[in-house]
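The values are calculated or read from the model by the stated rules, or taken from the named source; none is laboratory data. Only a predicted model underlies this, so the values are computations on that prediction, with no experimental measurement involved. All Cβ positions, even for glycine, are placed from backbone atoms using ideal geometry, and neighbour counts span all protein chains on display. We work out accessible area using only protein heavy atoms, side chains counted, and drop any ligands, DNA or RNA first. Shrake-Rupley method; radii C 1.70, N 1.55, O 1.52, S 1.80 Å.
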Amino acid sequence: MRQFLVLVLLAAAMTTTAGTPVTIHVDDAYIPYSFSDNGTPKGIYIDVLKAAFAKMDDQFTVTLVPVPWTRGKKMMEEGTGYGLTPAFFHGHDWPYLYPYSLPFYTETIQAICTPPTLDTARANWPDDYIGLRIGNVKGFDGWGGEKFHQLVKDGLIKYQEAKGSEANLLKLVNNRVDCIMMEIGAYHYELERLNAIGKLKGTAFPEPVIGALVGEDPVYIGYSKAMVDSGKVPHHRDFMQAFDSIIYQMGKSGEIEKIMRAYQ
């Protein structure tokens with residue numbers, strides 16, 4: 001009888017401490033921040049998020065699932081997924097992705113160009129880049145700004161997309177575009193990585209040059225408006241409050257910066 005009672009109490013304890021399951025989808029091709037390694041999420045942002053979620057595990061058990069960025073956006077729009085990261089704020093042009101968490105980093109986006117392209121001074125984005133071929137990662141359509149995308153629409157800038165930051169950079173070093181838009185930390189990491197594994201051998205390489213500042217954007221978890229509004233995630237407000245509170249504390253204490261520095 002005593003053994004039975006102990007088992008019942010252990011089962012009850014396990015039930016009460018198990019967190020509510022939550023799935024967050026993450027970009028599978030944004031090296032070094034968020035990517036898939038044979039289906040396992042890896043990267044700097046993944047480490048930050050795992051550290052935050054570990055502090056919430058009495059309330060929530062969070063699973064990170066890598067997904068192609070465009071598919072992740074579609075899931076948020078259809079309400080078949082709950083959260084997507086790393087996302088910039090798109091409340092003004094992606095109505096399906098709202099609300100957002102507190103930001104956990106701020107990215108600096110630069111124009112990275114072939115050396116001949118910057119023989120002419122091009123300090124002003126996007127006006128000084130009219131007439132050029134500009135590359136970007138597919139699905140990162142918030143990059144560049146409204147004026148840039150209007151110039152593309154007007155045919156004054158030729159715009160190309162690549163699947164992931166590696167493919168984007170390889171298009172540049174192979175002279176298939178004049179410049180790319182890329183987060184500066186991701187650029188330096190990816191350039192060093194591709195050099196180390198020999199992927200830049202045989203390319204029309206000299207090393208690219210950093211051009212104009214394209215923008216600075218905080219990074220968030222964005223939540224699917226359709227799923228939140230459907231009532232399928234009754235724990236949404238509790239999850240959002242718990243994550244925001246912890247990510248605020250991690251930023252204030254310097255823990256996020258410490259994780260970021262580990263990759264430098």
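Structure above, values below:
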item	result
Criterion: of a type outside the set (Ser, Thr, Tyr) and under 25 Å from Arg261 (Cα atoms) - qualifying residue of Lys73, Lys42	Lys42
Number of the exception - Asp37 against (1) open to solvent by less than 30 Å² (accessible area, probe 1.4 Å); (2) closer than 30 Å to Glu255 by Cβ	(1)
Any chance Gly215 is open to solvent by 10 Å² or more (accessible area, probe 1.4 Å), assigned to a loop (DSSP other than H, G, I, E, B) and under 28 Å from Tyr263 (Cα atoms)	no
Qualifying positions in segment 141-169 - open to solvent by less than 70 Å² (accessible area, probe 1.4 Å), more than 25 Å from Asn195 (Cα to Cα) and in a loop (DSSP other than H, G, I, E, B)	Asp141, Gly142, Trp143, Gly144, Gly145, Gly155, Ile157
Residues located in segment 229-250, provided they are in a helix (DSSP H, G or I), exposed (fewer than 13 other Cβ atoms within 10 Å of the Cβ) and small (Gly, Ala, Ser)	Ser230
Only listed residue being in a helix (DSSP H, G or I), in contact with a Pro (Cβ under 7 Å, 6 or more places away or on another chain) and surrounded by 15 or more Cβ atoms within 10 Å (Cβ to Cβ), chosen from Leu172, Leu118	Leu172
Pro66 being out of contact with any Gly (no Cβ under 8 Å at 6 or more places or on another chain), open to solvent by 10 Å² or more (accessible area, probe 1.4 Å) and touching a residue at least 24 places away in the same chain (Cβ under 8 Å)	no
Selected residue (criterion: most open to solvent (accessible area, probe 1.4 Å)) from residues of segment 251-263 that are touching a residue at least 60 places away in the same chain (Cβ under 8 Å) and either assigned to a helix (DSSP H, G or I) or hydrophobic (A, V, I, L, M, F, W, C) (or both)	Ala262
Those residues of segment 77-100 which are more than 18 Å from Pro21 (Cα to Cα), in contact with a Phe, Trp or Tyr (Cβ under 9 Å, 6 or more places away or on another chain) and not in a strand (DSSP E or B), in sequence order	Glu77, Glu78, Phe88, Phe89, His90, Gly91
Yes/no for Lys153 being farther than 29 Å from Met260 by Cβ, within 19 Å of the chain's Cα centre (by Cα) and without any contact (Cβ under 8 Å) to a residue 24 or more places away in the chain	no
Within segment 31-51, tally of residues that are within 26 Å of Ser245 (Cα to Cα), touching an Asp or Glu at 6+ places or on another chain (Cβ under 9 Å) and of a type outside the set (S, T, N, Q)	8
Some residue of segment 233-252 being within 21 Å of the chain's Cα centre (by Cα) and of a type in the set (Asp, Glu)	yes
Number of the condition not met by Tyr45 [criteria: (1) exposed (fewer than 15 other Cβ atoms within 10 Å of the Cβ); (2) in contact (Cβ under 8 Å) with a residue 12 or more places away in the chain]	(1)
Members of segment 51-63 that are open to solvent by 30 Å² or more (accessible area, probe 1.4 Å) and touching a Ser or Thr at 6+ places or on another chain (Cβ under 9 Å)	Asp57, Asp58, Gln59, Thr61, Val62, Thr63
